[in-house]
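J.: Encoded as structure tokens, here's the structure I'll be asking about.
The values are calculated or read from the model by the stated rules, or taken from the named source; none is laboratory data. Since the model is a prediction, treat every value here as computed from it, not as a measurement. Ideal geometry is used to build each Cβ from the backbone, glycine not excepted, and the neighbour counts take in all protein chains shown. To get the accessible areas, we keep the full protein, side chains included, count just its heavy atoms, and leave off ligands, DNA and RNA. Shrake-Rupley method; radii C 1.70, N 1.55, O 1.52, S 1.80 Å.
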Amino acid sequence: MSNNIQPYSYTPSSFRLKYCCDLDKDVLSSNFEKRGWTHVGQDEDWNFYWASVVTVKAMFNSLESHYRLNDYQVINHFPNHYELTRKDLMVKNIKRYRKELAKEGNLIAERDDNGIFKYLDFIPVTYMMPADYNLFAEDFKKDPNSTWIMKPAAKAQGKGIFLINKISQIKKWSKDKWSGISAPLGREAYVISKYIDNPLLIGGKKFDLRIYILVTSYRPLKCYWYRLGFARFCTVKYTSSANDIDNMFIHLTNVSYQKQSDDYNSVHGGKWTIENLKLYLESTYGKEITDKLFDDIAWIIVHSLKGVSSVIINDKHCFECYGYDIIIDDNMKPWLIEVNASPSLTSTTSSDRIMKFKLISDIINIVIPNGEIPDAKNNNKQPTSEALGNFDVLYDEELAAQELSDEDYKKQKVKGGIVPIISKNIKDFKNKQSVTWR
Ligand SMILES: Nc1ncnc2c1ncn2[C@@H]1O[C@H](COP(=O)(O)OP(=O)(O)OP(=O)(O)O)[C@@H](O)[C@H]1O
């Protein structure tokens, strides 16, 4: 490993910190070791736990466990993170959020003449399968030339995903898979989403963005954007031709999938840094368009988090680093594809390894300020700019609320919103956000 990367601070007390870790990943263990932390087991008195989602589920969700964390303990997932990170629940929550805002008469839930949300249309049209099969079939009939993507609701790495452009394909598949459309409980849930068939291409290839977002609180919402995200490219040039609908090297950007391609390049791993992507976009489309694109991405991320902030259990011991997957279409419109609870910490190249090591280091510096024993009762301290490392504050609901006049704030509160921030002027609202990574 590179020895010149130093964690932000070592204080004598940091050596007393005890950590537990479920994942055998070098970028994790090397960070803990560099800090001189002591490795302990799950049943011991740990201060910091990098847990798998399976552990977190067992810890918080099992009726028998009665698990209580102490003030000196922090853990890397919120108890019901799946409200955001399961494909079907994310869509359900965002739909509910939009409805609630519309009911409140909130301006950001306005629709255009075609009934499309003007500011909150950022997830591809999606139906739950098999429950929403009839709704999907109706939609499909309206646009029989459309392509759709079927995805298991709770799987990752491109597993089980396929594209369809004929309704007969779904019928045949569901017959094989579920023995009929109305599957009884217990059958694997899928989502079917409108396929973004006009992705922005670079060098003729489709790509998506992986952006890391750290959330330290949902109520009030506090989240951070990691500057060192990346774009992941397909190995085969894009075509929307129906003949190539089954060639996933054209359509799926997952590195775990593309790695299997003969054309996979293990030197750069099919990745560009976001910084390089921005430079490319600025030189090709101009700074204004590029800036707007990234403002729109920030907007999407904040509203996806707000969409679940009322349902997430805001346990003070929890933080979470999400992997956001965003696709940009050829109109420069970003789409939220998925939010991952456990973005891959496997390193495909040496620069990938350095970036992921820094990611973990910067997360620790924010959630364990000064390397001191955590104090969940008092966990809302502002990290110093030094401690932020490569993170920027993306959104701080408490600060945003302070920026509203008392009168505006009260009005929003009276409306019953968990959204005390939306001002009359959306542009002004957007400008107010701490979108400072540019
Ligand atoms: N609606 C869509 N339109 C276009 N491409 C899509 C769409 N949904 C998914 N994809 C492509 O398929 C890939 C896999 O989809 P998604 O991320 O939802 O599944 P996953 O198997 O959970 O992947 P991950 O390993 O990122 O968790 C995406 O990275 C993207 O390239």
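J.: Roll a 1.4 Å probe over the protein heavy atoms and report the accessible area of R86 in Å², nearest 10.
T.: It works out to around 80 Å².
J.: Just the accessible area for S351, please: 1.4 Å probe, Å², rounded to the nearest 10?
T.: About 80 Å², ignoring ligands and nucleic acids.
J.: So what are the ³J(HN,Hα) numbers for region 26-40, from phi and the Karplus equation (6.51, -1.76, 1.60; θ = phi - 60°), rounded to whole Hz, Gly and Pro as x?
T.: With the stated coefficients, region 26-40 comes to 4, 5, 7, 4, 5, 5, 5, 5, 4, 7, x, 6, 9, 7, 10 Hz.
J.: Same structure again: Determine the gain in length on full extension of the stretch K95-T273; use 0.36 nm per residue of separation and subtract their C-alpha separation, reporting nm with one decimal.
T.: Extra length from K95 to T273 when fully extended: 60.9 nm.
J.: Now, a different point. Report, in debye and to the nearest 20, how large the dipole of region 201-432 comes out about its Cα centre when Lys and Arg carry +1 and Asp and Glu carry -1 on their Cβ.
T.: With only Lys, Arg, Asp and Glu charged at Cβ, the dipole is about 220 debye.
J.: Looking at region 12-79, what % of the alpha carbon pairs are farther apart than 13 Å?
T.: The answer is 65 percent, as a whole percent.
J.: Further, regarding this structure: Students often get this wrong, so check it: of K95/K151; K155/K377; K87/K381; K34/K259; K92/K222; K205/K292, which have C-alpha atoms separated by over 27 Å?
T.: Check vs 27 Å cut-off fails for K155/K377; K87/K381; K34/K259.
J.: Run the accessible area of region 12-79 with a 1.4 Å probe and give the carbon-and-sulfur part as a rounded percent.
T.: So the carbon and sulfur contribution to the accessible surface is 51 percent.
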